[in-house]
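Just below is one structure, and these are the notes that go with it.
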Amino acid sequence: FDFCQAEGKKRPSENLGQVLFGERIEPSPYRVGSLTPEDKQKLDFLKKSMLLNYQHHWIVDNMPVTWCYDVEDGQRFCNPGFPIGCYITEDGRPKDACVINSEFHEKDTFYIFNHVDIKIYYHVVENEALGARLVAAKLEPKSYKHTHPDNPDCSGVPMDISNKASGEVKIAYTYSVTFHEEKNIRWASRWDYILESMPHTHIQWFSIMNSLVIVLFLSGMVAMIMLRTLHKDIARYNQMDSTEDAQEEFGWKLVHGDIFRPPRKGMLLSVFLGSGTQILIMTFVTLFFACLGFLSPANRGALMTCAVVLWVLLGTPAGYVAARFYKSFGGEKWKTNVLLTSFLCPGIVFADFFIMNLILWGEGSSAAIPFGTLVAILALWFCISVPLTFIGAYFGFKKNAIEHPVRTNQIPRQIPEQSFYTKPLPGIIMGGILPFGCIFIQLFFILNSIWSHQMYYMFGFLFLVFIILVITCSEATILLCYFHLCAEDYHWQWRSFLTSGFTAVYFLIYAIHYFFSKLQITGTASTILYFGYTMIMVLIFFLFTG
């Protein structure tokens, strides 16, 4: 945007996580500029941005400058950004922020917020040389048509730009700063007022309780079924050993000679298992750190940086798990296995990311990742992650293959005709519903924090949900596996991976629903970007749940 730019000031440097998320921090002076006729394009751009409710995000001393206003039920909401301007429609309806001032009433007109009153709250620290510390920064966006831009008096009618207006438009940007002493806020808890006023915290407890109840119920069910049926089955088998009619076997006992037959496409399954383990441990450790408060919102971009670095360092478990399973499936091509583990899933993610970046770059967006960062990411991947994967695979192949408790028969068994719900597809589709039910409320907040620039800080909740998700995925899969083994279908390896992995498909459907119901995204590039990034998340989620 053509706002006031700073001359000769150095840009603050961002960390890896911020660069990947497309956050750029620019220094700003405040000085006065005007638009001229050949800037009609700029004016149209400005109008479009007001229609789409674009926001300024300002930072002072690493604190977001917030705009606090009253919402219904006497609550105050603090928004860490404020709009560029707002629009009154042709039939006189105020959109977005135009509701704050009754003077905004001209039809089909844009009002630009060209004046801000900034209030800085400080707290004087006794017995320290520092003097004062900033504990909060708030602002009020205002709109004034300055009569004397050289000597502004902050009064007069709002700065309106009619939609039909052409010709020169001069916009003078002004600001005022006042300082207020605030003795009650400690510096350590200066973020609280932003987080407290975030909506939805109270819904959270309800939703967590809700999913906990579901999980307890599920666990109870699974434990009951497993204990009762297995106990019954085993008791029945033991009883039969004592009598002589042991010839008629039934249920899952029948397939014991085929249960460890290597699955079809064992190579791909082992690679997925390796990558999934890598993502599982990465998520666990990242969320654990976030819970302990190392990755607070004050620490911009820390979460992403932490996740990327952990992912790179966790090449060894990935290689080890993939090699171990591949060996137990009786695979011989260990070189292919290691290469696929190192390059298949990360390669898909990187290719997707690279294409998205090309689109951003083509659109001239500030979120495009500079070439240097791309090279750095590739270097992390090739020089650290890949060698670590090779080391893991070396140890995985060196160990003896997993010992199976029963021998596999020479001739594969005939699989009987399956009933509808033990067929692979219905089983897999059913399996994904339960884990998704546990997470979808959290999903709403996470998507909001990615796409609607709300802060996400409920890592304690998220960690809980993560544990619940792991338990639910495992239980649902065990249950469904048991049913189809009872129906004498011994192809369980892929089905167990895909049963809980199908949660990712529900996640994709939810993301599509979110796109159409919550986001006002226009333009092809933005749509491609949304779905491009969503596909990365879906793939990671698929590997993780599987």
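The values are calculated or read from the model by the stated rules, or taken from the named source; none is laboratory data. What you see is a predicted model, and the numbers here were worked out from it, not measured in a lab. Using ideal geometry, Cβ is built from the backbone for each residue, glycine included, and neighbour counts are taken over all protein chains shown. Please note that ligands, DNA and RNA were not included when accessible areas were found on the heavy atoms of the full protein model with its side chains. Shrake-Rupley method; radii C 1.70, N 1.55, O 1.52, S 1.80 Å.
Points to keep in mind about this one:
- Residue 173 long-range amide H proximity, modeled H, under 5 Å: 33
- Sites residue 184 and residue 384, calculated FRET efficiency, Cβ-Cβ separation with R0 41 Å, nearest 0.05: 0.30
- Computed over the Cα atoms of the stretch 264-402, the ratio of the radius of gyration to the Kirkwood radius (Rg/Rh) comes to 1.04.
- Of all lysines in the structure, the ones whose alpha carbon falls short of 19 Å from that of residue 164, not counting any fewer than 8 places away in one chain, are 40, 42, 47, 48, 95, 107, 145.
- Neighbourhood net charge (15 Å Cβ-Cβ; Lys/Arg +1, Asp/Glu -1) for residue 117: +1
- Cleavage-rule hits (chymotrypsin sites (Phe, Trp or Tyr not before Pro)) in the stretch 253-310: DSSP loop, at most 15 neighbouring Cβ within 10 angstrom: 294
- Surface share of carbon and sulfur [accessible, 1.4 angstrom probe, percent] for the stretch 362-453: 68
- Accessible surface for residue 99 stands near 100 Å², nearest 10, in the context of the full protein assembly shown (1.4 Å probe).
- Scattering curve values for the chain, log₁₀ I(q)/I(0), Debye with Cα scatterers, q = 0.07, 0.13 Å⁻¹: -0.55, -1.40
- For a modelled paramagnetic label at residue 107, 7 Å from Cα along Cα-to-Cβ, the residues of the stretch 74-98 in reach, with backbone nitrogen under 13 Å, are 88-94.
- Adding -39500 (n - 2.57) for every DSSP H run of four residues or longer, then dividing by how many residues the chain holds, sets the calculated 222 nm ellipticity at -17000 deg cm²/dmol.
- Length-normalised contact order of the chain in % [C-alpha pairs under 8 Å, at least 6 apart]: 15
- Accessible surface, per residue, of the stretch 264-402 when the full set of protein chains is kept, probe 1.4 Å, Å²: 49
- Each Lys or Arg adds one and each Asp or Glu subtracts one; over the other residues with Cβ under 13 Å from the Cβ of residue 93, this totals -3.
- Among the DSSP helices (H) of the chain, those spanning at least 24 angstrom by Cα along their long axis with an average Kyte-Doolittle hydropathy of 0.5 or more are 201-242, 266-291, 334-362, 424-451, 459-486, 524-545; this is a geometric and hydropathy rule only.
- Over the stretch 56-194, all Cα pairs binned in 5 Å intervals from 0 give whole-percent P(r) values of 2, 9, 16, 18, 17, 14, 10, 7, 4, 2, 1, 0, 0, listed from short to long.
- P(r) histogram, all alpha-carbon pairs of the stretch 359-492 included - 10 Å bins from 0, percent: 9, 18, 21, 30, 16, 6, 0
- Computed over neighbours whose Cβ is under 10 Å from that of residue 323, the net charge equals +4, Lys and Arg +1, Asp and Glu -1.
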